[in-house]
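The next block holds one structure in the form of structure tokens; read it before the comments.
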Amino acid sequence: MSKRISAATNAEQFQRALNILAWFRNNHGASFMEASADLGVPTTQIKKELTQLSMCGLPGHFPGSLIEVSMDQLSAAVEFSAGLDKPIRLTPMEAGVTLLALEAIRHTVPADKQPAVTSAMDKIQALLPSGVQPARESSADEAQASPLFEELSRAVAQRHTVDFDYVSLSSDSSTRRRVSPDHLGVVDGKTYLWARQWEDDQGPAAKHKKFALARMEAVTVGEAGSAGEVAVPAIEATDPFGFDESEAWAQVAVAPNYAWMLEYYPFWLVEDVAPGPAGEREVMVPWTGEWTIRLLIAFSQGLSVAEPLALDEAVRHQANRGLKAYAEHLGVTPNER
């Protein structure tokens, strides 16, 4: 007995196929693994959809009218899309990221603006396929984040200095800070304070620093007006943390199963370097010191330094120091590399 395919299933397949086609059109020669990570579709399904698309095209199906797709074992390139260059809906991953960003924004805007953000979230949620529910922050997290934001928002508006203990990822330490707060913003779903740090009692420095609210503890505010005049930071929308200003960079090879890191870390894909034999891709990473070294050690199974040699040696030196410390604690001989 033949199985009847519902109209909804056909529609979903049609939408998925066009999204895949548009993705490869905009990411020429990209790997199936990258597409799978971005689109939330298995690599086998992506290959199947591209094969079927190569049999479709403009009316008449004459040579030059069919969609042209070239594929190998690891990647694909769309040479001719027959005008089907735009996805017709958000992918589940894109919708999920948008919802998380809107949710973070909802907790940072005034109460009278929150219904508009909630309405936008509901509309995006309604467009998702049935059964797809992007992860959302817990109500406990919301309750903890909102009061701190409101307190800092008042500090920015009324020019209070702010004192707090801050856990720095670059130095792996917690220190007491005093700052003049100038701006609050959301980057990748996380809220940051742009502020100028005080040096002793000499007043605030000229350069802004970014502080994640999630790593601020024991926050207190000073008197109104104690922060001085506001200094609006210059924030580049595509580079809010100013990584482009970094003076030192490293080239790092990222294994295919670690490609997700490109979405969450300051990695820039090196377009003119072909994937390695195992599908690894080369990225540029700002070399900011200890933070970069710890990152490369923490994900050493999927990241390897291509250049400079000095960073590779620093990573090995720090890793060996850690091995020796563990060995001394356990009373064994470390296996250095």
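The values are calculated or read from the model by the stated rules, or taken from the named source; none is laboratory data. The shown structure was predicted, so the numbers you read here are calculated from the model rather than taken from an experiment. Glycine also receives a Cβ, built like all others from the backbone with ideal geometry; neighbour counts cover every protein chain displayed.
Data overview
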read-out: The stretch 75-108: number of residues that are at pLDDT 75 or above, part of a loop (DSSP other than H, G, I, E, B) and closer than 18 Å to residue 37 by Cα; value: 0
read-out: Odd one out for residue 116, checked against (1) under 27 Å from residue 214 (Cα atoms); (2) of a type in the set (A, V, I, L, M); (3) modelled with pLDDT under 75; value: (3)
read-out: Near pairs, Cβ below 8 angstrom, 6+ apart or cross-chain, from the stretch 195-217 (over 11 Å from residue 148 (Cβ atoms)) to any residue that is loosely packed, with under 12 Cβ neighbours inside 10 Å; value: 196/206; 196/207; 205/199
read-out: In the stretch 267-285, residue farthest from the chain's Cα centre (by Cα) [restricted to those that are acidic (Asp, Glu) and surrounded by fewer than 16 Cβ atoms within 10 Å (Cβ to Cβ)]; value: 272
read-out: Positions within the stretch 269-294 being touching a helix residue (DSSP H, G or I) at 6+ places or on another chain (Cβ under 9 Å), of a type outside the set (D, E, K, R) and more than 16 Å from residue 259 (Cβ to Cβ), in sequence order; value: 286, 287, 288, 292, 293
read-out: Filter result (within 10 Å of residue 250 (Cβ to Cβ) and loosely packed, with under 15 Cβ neighbours inside 10 Å) within the stretch 286-322; value: 307, 308, 310
read-out: Test: residue in the stretch 210-222 that is modelled with pLDDT of 80 or more, in the same structural domain as residue 287 (by TED's automatic domain parsing) and part of a helix (DSSP H, G or I); value: no
read-out: All positions within the stretch 1-55 that are of a type in the set (Ser, Thr, Tyr) and at pLDDT below 90; value: 2, 6, 9, 36, 43, 44, 51, 54
read-out: Residue within the stretch 227-246 that is modelled with pLDDT of 80 or more, assigned by TED's automatic domain parsing to the domain that holds residue 321, of a type in the set (A, V, I, L, M, F, W, C) and part of a loop (DSSP other than H, G, I, E, B) present; value: no
